[in-house]
Amino acid sequence: MKLSTRLSIVVAALVTVLSLAIGSFAIASSQNSEIRSITSVLNASAKETYMSHEDKFSVALNVSESSPLPLSVALLTRDPNISYLVENQSSIMDKPLPSEIQQATTREVLVENSFYIRTIKTEANQYLIFSVSIKSAQDHSKSLFHNLFIFILCAICLSIMITYLIFRRDSKINELARLLKENNQRMQEFLGDASHELRTPLTVIKGYAELISANPDHADVPRYLETVKVESARMEKLIADLLLLAELGEGREPVYSEVELAQIIETKIQELRDLNPHRKITSECTDISLLTDLPLCEKLLGNIFSNIVRHTPQDAAVNIELSSRNGRLYLIIEDGGPGLPNYTIQTFTRFDKSRSRESGGTGLGLSIMQGIAETLDMKIEFSKSELGGLKITIQQN
């Protein structure tokens, strides 16, 4: 899921929660205030009737007529039905419970979910019931909640749109999030591969050490020792390559000096001829003086030529071209070996099994080349050579 999508969801959730909380509180406060106004009229009417020394029925009728709200007045007798003195939309449908009638003599009581009542006991042990409806306040609250949900929906759509527009344009954040995720995944894979690669020679060394310890006079002890020596050297090289990759990954600052690149390449070519006398090597190197880091430059070229020795037949052809184009270094090294299975993916794959154990390497060569090239502000590309093998192109940025 993209960062902009996740942020849109978070913003929408926050808008929903805040709008719902604030809106609900405001609507509840408004409803309570409205109900208090209604019940204050009810209580005032009941009090006026109760305090009057005149006929309660007459006072009740006068109070109902002068009330600013529709006020219903009923007489409660022993009869199951209610006798209404004033009947309107505030009239209750059912006879209240005895407990409700008793409570209503001192305070307002909610009945039938939409009516408040007050009661006054007359001299004849009968009750006058004043009732008022709060349906208008309840309907108003429902209308406000309906409007609130419409507002929340509009606010969510607007917040998602604004967030999407802002972060869609900010491609750097999305790209950074993607790169962080990819780098984290690569790091996990790298650590897993590194632990596996280190465990392999350690297991071999441990096994042969136990054999030698158990049978020190065995005839195969020299062969065991040679195997231990080979695996130790392999593990030492693997650790050195891992340390170099870690150093390059931490952003090592190059130590610049004047380097005659053509001389270093000629030296590597001569070493290649000494190791593979039957290999056809053609080179065209222009004398170029380059301001660069000498150890890293030698390591880069050393990896390239050692890969040629490891991964190509001894008679496979090699072409080398060093030139300057528009004042920038341009180096091409191609061979007639088997090349890479996939030039796009293998370029970024560490511990490449197809180019490691069988040939004595660690599988980190291409990653080291890339790391060095980036540190030296150079661009390195891997492609298929016209000779059939691998073509390495290095140029200054």
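Where the only charges are on Cβ atoms (+1 Lys, Arg; -1 Asp, Glu), what is the dipole of the chain about its Cα centre, to the nearest 20 debye? Mind showing how you got there, number by number?
Values: 40 positive and 48 negative charges, 172 e Å.
Approximately 820 debye in magnitude.
Against the 2.2 N^0.38 Å scaling, with N counting residues, where does segment 217-272 land? I'd like the Cα-based Rg ratio to two decimal places.
Working: Rg = 18.9 Å, N = 56, 2.2 N^0.38 = 10.2 Å.
Rg over 2.2 N^0.38 Å, computed on Cα atoms: 1.86.
Using the Cα gyration tensor of segment 210-307, with a ≥ b ≥ c the square roots of its eigenvalues, what is the shape: rounded (a/c below 1.5), prolate (a/b larger than b/c) or oblate (neither)?
oblate
Pick out which of R178, R273, R78 has the largest mean-square fluctuation in a Gaussian network model of the chain, springs linking Cα atoms closer than 10 Å.
Sorting by GNM fluctuation, first place goes to R78.
Using a 1.4 angstrom probe on the protein heavy atoms only, line up C297, C285, C157 by accessible area, largest first.
On the way: C297 10, C285 35, C157 75 Å².
Of C297, C285, C157, the descending order of accessible area is C157, C285, C297.
Quote the accessible area belonging to K384 in square angstrom, nearest 10, computed with a 1.4 Å probe and with ligands, DNA and RNA left uncounted.
Here the residue's solvent-accessible area equals roughly 130 Å².
What is the Cα coordinate range of the chain on the first, second and third principal axes, sorted by size from largest, in whole angstrom?
133, 67, 36
Would you rank D287, D293 by solvent-accessible area, highest first, keeping every protein chain in place and using a 1.4 Å probe? It would help to have the intermediate numbers written out before the result.
Values: D287 135, D293 0 Å².
From most exposed to least exposed: D287, D293.
Please report the equivalent ellipsoid semi-axes of segment 104-158, computed as sqrt(5 x eigenvalue) of the Cα gyration tensor, largest first, in whole Å.
On the way: eigenvalues 347, 11, 6 Å².
Each semi-axis is √(5λ); the values are 42, 8, 6 Å.
Using a 1.4 Å probe on the protein heavy atoms, what percent of the accessible area of the chain belongs to carbon and sulfur?
Numbers: 13040 of 23180 Å².
That share works out to 56 percent.
What's the FRET efficiency of S52 with S30 using the Cβ-Cβ distance as r and R₀ = 41 Å, to the nearest 0.05? All intermediate terms of the calculation are to be shown ahead of the outcome.
Details: r = 34 Å, r/R0 = 0.83.
Efficiency at R0 = 41 Å is approximately 0.75.
Hey, quick one: spin label on Q314, modelled 7 Å out along Cα-Cβ, who in segment 269-293 has an amide N within reach, i.e. under 16 Å?
271-281
Please report, in Å, the Rg and the Dmax of segment 85-181, where both are computed over Cα atoms only.
When restricted to the Cα atoms of segment 85-181, Rg and Dmax are 27.9, 89 Å.
Taking a probe of 1.4 Å, how large is the accessible area per residue of the chain, in Å²? Show your work: numbers first, answer last.
Values: 23180 Å² over 397 residues.
Here the per-residue accessible area is 58 Å².
Residues in segment 213-248 near a label at K206, defined as backbone nitrogen under 19 Å from the 7 Å Cα→Cβ point?
Correct set: 213-215, 225, 227-236, 238-239.
Identify the residues of segment 113-139 with backbone N under 20 Å of a label point that sits 7 angstrom from the Cα of S99 along the Cα-to-Cβ direction, or state none.
Of the residues in segment 113-139, 113-120 have backbone N under 20 Å from the label point off S99.
Under a straight-distance cross-link criterion of Cα-Cα below 22 Å, which lysines are reachable from K121, leaving out those fewer than 8 residues away in the same chain?
K47, K56, K95
Under a 1.4 angstrom probe, counting protein chains only, how are V41, V17, V309, V73 ranked by accessible area, largest first? Mind showing how you got there, number by number?
Numbers: V41 30, V17 95, V309 55, V73 0 Å².
Sorted descending by solvent-accessible area, the residues read V17, V309, V41, V73.
Please figure out what share of the DSSP beta bridges in segment 173-324 is antiparallel and state it in percent, rounded to the nearest 5. List each step's numbers first, then the result.
On the way: 4 of 9 bridges.
Within segment 173-324, antiparallel bridges account for around 45 percent of the total.
What net charge is computed for the residues neighbouring G327, neighbours being all others with C-beta under 15 Å from the C-beta of G327, Lys and Arg scored +1, Asp and Glu -1? Could you put the intermediate results ahead of the total?
Numbers: positive: R325, R328; negative: D287, D377.
That works out to 0.
The values are calculated or read from the model by the stated rules, or taken from the named source; none is laboratory data. Just so it is clear, the model here is predicted, and its values are computed rather than measured. Note that each Cβ is placed from the backbone with ideal geometry, even for glycine, and that neighbours are counted across all protein chains shown. All accessible areas refer to the heavy atoms of the entire protein, side chains included, with ligands and DNA or RNA removed. Shrake-Rupley method; radii C 1.70, N 1.55, O 1.52, S 1.80 Å.
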